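**Q** Below you'll find the structure I mean.
Readers should treat all values here as calculations from the given coordinates under stated rules, not as data from a laboratory. Since we're looking at a predicted model, the values are computed, not measured. When we count neighbours, we look across all protein chains shown, and the Cβ atoms used for this are built from the backbone with ideal geometry, even at glycine.
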RNA sequence: GGUCCUGUGGCCGAGUGGCUAGGCAGAGGUCUGCAAAACCUCGUACAGCGGUUCGAAUCCGCUCGGGACCUCCA
């Protein structure tokens, strides 16, 4: 396993190229992923990012790294827009629904966990909330002020981008130049507090009627959005850690600001490898609630939506996502999902066959090379679609063994079983969702198929077909193979 | 308007300067009482136009189309 660990390459957004992954502390990985702002149900686009980084986490873990995986919950500070009176997203939703802000937070945090559980994602090791780290955020602001990269204005504190840029490149992650940013700045009302439109809030002064507010050295207020990730990643992963992930749309300004905040407070760039997942589109267009072009996971699973011809299970959706690279855009259509569903069924069927297939004298295929190709694919910047292709090579091999056209030695069979399970269930996070594991149904099916077998032995085709058609109507497919009859 | 990404066979999607992933769909075949499944065979695709090269879909330029960010967004 250690040799595979050496070969991992990661596309680093900061460098714009694939780089060999060298952890700061050998054998350990610090991984931070920007979590959701819990003011609404997560939609499928949000889920893609979390599923992508779940795969990243799973593979790192599989390689034998001890990973500390931190993913935050944003429950304060995320403003609706950038104007000074911009409303907090949580507070706005609370006002609209006449609920306490923390009721909103609770409701949508539960929804988020529930949905991710359905997608079989592994829970992060630490899931900190912004409201739980106000003190850490205040401390970080102090450090930034002490180092001369921030200023106070009317009870708010802003980050001085221009001053920072004089000594550090602001925009290095997103490839922006401060001059371009300045010339493109849109006029927003009520930005008198800032020295410069590019400056971003570290602490915002809160008005009397504001519900979510805390005392600070600068008065009563609440923390800026970008700050929470910096404060919490520093607290749990250190001033500099290995991997920071998030959606592409967070690259600017959010991640750019995190680099600036970390550097301004701690003196070091906070992250070694920046990873960005690409967007999920629906019928060719970006998912967006405002235009109605979005779909919630629950609507997808139930089939209660206007976009899909039928319901799709979470594992089919996950498999579909794994067939595309995390850095590529992916388009979600009914047709593509239907195709993915068949591929998923085929893979699951082969996984079952792999458990019952018999070992022979020797292998007709180089199984070690096959397994090596799994690692090779994933080591190349987590190339899950290539891995899936390689897994289907194995599927073909397994089916051929079953048909007696190929053979496998017992040591190789054990190896293949172990690695296939590790990659399908462990790394890709794909589990068998089919109903065939229903314990109560199994003895009934054994009986029914036994009766059908008797009829077939007597060449009583009308009876055997009646059973088969009846089962088909109930959604159960019967397959006659050389080794007997199976169903699913 | 600015910055950047992208355009692959019927569909979805990898990848590479020359050795032509994979899934789904389609055609033919083997097996089967018939099906289903499985297996075998079949598609010479890389937006368009130029250029570099012995050779490009892969590099460069332009044109057209799609997308992201620049303002909240996974």
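**Q** Using only Cα atoms and rounding to the nearest 10 degrees, what angle (0 to 90) does helix A:410-421 make with the longest principal axis of chain A?
**A** 40
**Q** Quick one: compute the contact order of the stretch A:204-247, relative version, from alpha carbon pairs under 8 angstrom and 6+ residues apart, as a percent.
**A** 27
**Q** Where does chain A land at 222 nm, in deg cm²/dmol rounded to the nearest 500, when only DSSP H runs of n ≥ 4 count, each adding -39500 (n - 2.57), divided by all residues?
**A** Working: 17 runs with 215 residues, N = 488.
That comes out to -14000 deg cm²/dmol.
**Q** Kindly work out what percent of the DSSP beta bridges joining two residues of chain A are antiparallel, to the nearest 5.
**A** 50
**Q** Within 10 Å of each residue's Cβ, count the other Cβ atoms and sort A:431, A:327 from fewest upward.
**A** Ordered from fewest to most neighbouring Cβ atoms within 10 Å, A:431, A:327 come out as A:431, A:327.
**Q** Helix A:441-457 versus the longest principal axis of chain A: what is the Cα-based angle in degrees, 0 to 90, to the nearest 10?
**A** 30
**Q** Counting other beta carbons within 10 Å of each Cβ, put A:400, A:216 in order, fewest first. Present the calculation step by step, with values, prior to reporting the outcome.
**A** Numbers: A:400 15, A:216 21.
Ascending number of Cβ neighbours within 10 Å: A:400, A:216.
**Q** Could you list A:302, A:174, A:462, A:52 so that the one with the fewest beta carbons within 10 Å of its beta carbon is first and the one with the most is last?
**A** With the sparsest Cβ surroundings first, the list reads A:462, A:302, A:174, A:52.
**Q** Against the longest principal axis of chain A, how steep is helix A:256-266, in degrees 0 to 90 to the nearest 10, with axes from Cα atoms?
**A** Around 60 degrees separate the two axes.
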